[in-house]
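The values are calculated or read from the model by the stated rules, or taken from the named source; none is laboratory data. Quick caveat: nothing in here was measured; it's all calculated off a predicted structure. In this analysis, Cβ positions are derived from the backbone assuming ideal geometry, glycine residues included, and neighbour counts consider all displayed protein chains.
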Amino acid sequence: MQLHRLCSPPLLLLLLLLLLLPDARRLWVAERSCPEILAWSSADGGGGERWRCDETVDEVCAQIEEQMSILNLLSSDEGTSEEEHLRLSMVQLDVERSKWLLRAFLRTRLHKLESYAMHYSSLAPTRRSQLLSPLEQAYLTKYTSIQHAHFSSSVLDYLPEPLRSLTDGSEDAGVEGEGAANRGSGAKGGMVPRPDMGAPVFIRCGEDCGEVRTEDGESANLSRGSVHILTYGSVRTLVLQGRVELL
């Protein structure tokens, strides 16, 4: 009887889903804690970055879709016992939790995309395709188009031609990297809102990362398993390399 319960379809479904939940939760927590949008398909090259979330999202979506089809099939089967229906409801609950995590993760990315739309639209197409999914890129294009049309009809069309640009004084428009990262949001003279790379973040070290110099001149020893609160700009490379985890 115990062997039958361990091998019953509902419990197998639940086990498969639980194997994916930690990865989905890790993506959501990291995206929620990070000031900038984390790379969708791959991080910017040159520094050994390997952060990406498309594979995990695709796996979770495929698993949810497969489990929903199996749940519907078993629920409509007249041979399914009342006890099995109870187990199916437990599996359904965890499926809904997975869907909530996925929606929260995507809503967080959309919030950043809308908050810094002009910044991300000014990036090079190659970099933008690495950061954003195809649907997010299409959304960004439509959003910036509507936003610019609104600004133009409300204010810009009534200003002299030299004053109509929304990017005047932005010295590093379209530039992203350690230099831009350390400048943070609202670079001096810039009109384009950018992610605040000086925002504090909690991190957990997955391996020994050596010492990191903080903005006030002090150093922090990032040993494996240790937890720290540091500015995002000082650990950005380590985050993208997957050596530290955002909490």
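Details
- Residue check, residue 71 assigned to a helix (DSSP H, G or I), surrounded by 18 or more Cβ atoms within 10 Å (Cβ to Cβ), of a type in the set (A, V, I, L, M) and in contact (Cβ under 8 Å) with a residue 40 or more places away in the chain: yes
- Top-ranked residue of region 229-247 - restricted to ones that are in contact with a helix residue (DSSP H, G or I) (Cβ under 7 Å, 6 or more places away or on another chain) and among the aliphatic types (A, V, I, L, M), ranked as surrounded by the fewest Cβ atoms within 10 Å (Cβ to Cβ): 247
Results for (1) in the same structural domain as residue 29 (by TED's automatic domain parsing); (2) touching a strand residue (DSSP E or B) at 6+ places or on another chain (Cβ under 8 Å); (3) without any contact (Cβ under 8 Å) to a residue 60 or more places away in the chain, shown as yes or no for each residue.
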| site | (1), (2), (3) |
| --- | --- |
| 96 | yes, no, yes |
| 100 | yes, no, yes |
| 103 | yes, no, yes |
| 123 | no, no, yes |
| 130 | no, no, no |
| 147 | no, no, yes |
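- Within region 193-204, residues that are over 25 Å from residue 121 (Cα atoms) reach partners that are assigned to a loop (DSSP other than H, G, I, E, B) with beta carbons closer than 6 Å, at six or more positions or on different chains, in the pairs 202/247; 204/247.
- Some residue of region 218-228 being at pLDDT 90 or above and either in contact with a helix residue (DSSP H, G or I) (Cβ under 6 Å, 6 or more places away or on another chain) or under 22 Å from residue 114 (Cα atoms) (or both): no
- Restricting attention to region 194-227, the residues that are over 12 Å from residue 35 (Cα atoms), within 21 Å of the chain's Cα centre (by Cα) and buried (at least 19 other Cβ atoms within 10 Å of the Cβ) total 2.
- Checking the stated criteria, residue 59 turns out to be surrounded by 14 or more Cβ atoms within 10 Å (Cβ to Cβ) and either in contact with a strand residue (DSSP E or B) (Cβ under 7 Å, 6 or more places away or on another chain) or in a helix (DSSP H, G or I) (or both).
- As a summary of the residue check, residue 82 satisfies the conditions (1) of a type in the set (Asp, Glu); (2) farther than 21 Å from residue 196 by Cβ; (3) touching a Pro at 6+ places or on another chain (Cβ under 8 Å) except for the one numbered (3).
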